[in-house]
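Data block below; observations after.
The values are calculated or read from the model by the stated rules, or taken from the named source; none is laboratory data. Just so we're clear, the structure is a prediction, and the values are computed from it rather than from any experiment. Heads up, the Cβs are rebuilt from the backbone with ideal geometry, glycines too, and the neighbour counts pull from every protein chain shown.
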Amino acid sequence: MNFSRIGKWFTFLLTVVSALVVLVACGGSESAEVSGKASNSDGGNTYKFKVSHVVQESHVWHKTAVKFGEELDSLSDGRMSLEIYPAAQLGLEQDMVQQLVAGTIDFGFLTNAYMSTREISLNSWFMPFLFDDLEAGTKMRDSEETKAMLEELGSQGLLGLDVAFAGNRHILMKDGFIDSPKDLTGKKVRIIGSPSIQSFWEKTGAGPTAMPLPEVYTSLQTGVIDGMDIDLDALVTEKYYENAKYLSLTNHMTFPTIIVMSQVVYDKLSEEDQEIVKTAMTNAVDWGVKEAISREKSNLEELKNQGVEVKVMEDTSPFDVISEEVIKEYTDQSEIIKNFIETAKEK
């Protein structure tokens with residue numbers, strides 16, 4: 001038996017095994033980038049976070065997410081980065097929530113419309129004619145009632161971080177302006193799915209139709225719907241004005257996004273990194289709120305330039321009875337909504 005030859009093969013096998021152990025160890029470090037964690041050479045952690053939303057890249061919510069990524073990078077000295085998945089690339093909002101709860105994505109910019117189906121107090125934002133303009137609505141961002149709404153999301157495995165805005169809601173129609181509920185009777189109007197919004201529109205006598213954004217453009221074009229409940233930023237970015245030209249500036253509701261983080265991901269961060277995340281988000285939303293208010297003016301000018309006919313609804317009194325009915329319906333269900341309305345009227 002050639003022992004010398006066996007010894008060489010044994011030495012070779014030991015070398016291969018050692019190399020495999022090193023590769024597995026390195027592979028483990030890479031896979032630790034759970035939506036992003038990995039060890040840094042100085043003992044700290046680096047994070048490649050993921051955030052998802054449903055709007056286009058030109059929308060103010062996307063721009064706010066970009067700003068958030070910039071703030072994370074700056075405040076963490078490059079340890080934190082952000083991958084953004086716009087336009088529902090990772091699924092519809094119910095899918096996003098499941099991923100957030102599981103920790104496979106880290107942050108979500110979720111429409112208040114969808115989230116108000118999961119937490120009743122979030123219907124506060126959709127109480128009719130509560131805010132004269134977007135700026136008035138944004139003043140409620142730091143209210144105790146808003147903080148209470150965000151805190152209640154903890155029971156769903158979500159950390160409520162902040163509230164950002166797209167604009168106030170208005171009415172776009174194919175065949176004329178809206179001055180009172182009678183102008184809506186029998187009209188098929190696309191709405192965003194939310195209990196309080198549904199209630200409001202049913203009471204107007206219209207035929208409210210909830211449908212996802214990708215279906216709206218062709219539905220207007222083919223006459224499946226006669227008009228829609230819309231904010232100016234989405235109206236510009238989605239180009240719905242190409243199929244409907246009559247815009248009534250009603251300011252009947254405002255339209256926030258509820259910004260959340262996966263609770264399981266947050267809990268894995270150090271206290272220092274938790275503070276970095278919160279500060280980065282606050283800075284980004286501060287910027288985003290100012291941008292959204294600015295866009296209300298620039299978007300309106302853009303729509304006029306595109307040939308949209310615009311009329312301000314000066315007198316909202318024809319909607320008073322409907323508004324009172326909706327408000328009573330929801331204040332009877334939630335103390336937070338009741339307090340939110342009272343605080344908003346004082347600001």
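In the range 47-72, which residue that is polar (S, T, N, Q) and surrounded by 24 or more Cβ atoms within 10 Å (Cβ to Cβ) is farthest from MET261 (Cα to Cα)?
For the range 47-72, the residue satisfying everything is THR64.
If a residue counts only when it is at pLDDT 95 or above and more than 30 Å from SER294 (Cα to Cα), which helices (runs of 4 or more DSSP H) contained entirely in the range 30-132 have at least 3 such residues?
93-102
With crowded, with 18+ Cβ neighbours inside 10 Å, assigned to a strand (DSSP E or B), of a type in the set (Ser, Thr, Tyr) and under 20 Å from the mean Cα position of the chain (by Cα) as the only criterion, which of THR250, THR254 stands out?
THR254
So that you can scan it fast, the table gives a plain yes or no per residue for (1) outside any helix (DSSP H, G or I); (2) not β-branched (Val, Ile, Thr):
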residue	(1), (2)
PHE177	yes, yes
ILE197	no, no
GLU202	no, yes
PRO208	yes, yes
GLN221	no, yes
ILE225	yes, no
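Would you say VAL216 is closer than 19 Å to HIS53 by Cβ and free of Cβ contacts under 8 Å to residues at least 40 places away in the same chain?
yes
Just for the range 179-195: of the residues that are touching a strand residue (DSSP E or B) at 6+ places or on another chain (Cβ under 9 Å) and either assigned to a helix (DSSP H, G or I) or aliphatic (A, V, I, L, M) (or both), which one is farthest from VAL308 (Cα to Cα)?
Applying the filter and picking the extreme gives ILE192.
In the range 96-139, which residue that is among the charged types (D, E, K, R) and surrounded by fewer than 23 Cβ atoms within 10 Å (Cβ to Cβ) is nearest to ILE336 (Cα to Cα)?
It comes out as GLU119.
Does ASP179 meet the test of being touching a residue at least 24 places away in the same chain (Cβ under 8 Å), charged (D, E, K, R) and buried (at least 23 other Cβ atoms within 10 Å of the Cβ)?
No; evaluated as a whole, the condition is false for this residue.
Please go through the range 286-302 and pick out each residue that is within 23 Å of PHE68 (Cα to Cα) and either of a type in the set (Lys, Arg) or not in a helix (DSSP H, G or I) (or both).
The answer is LYS290, ARG295.
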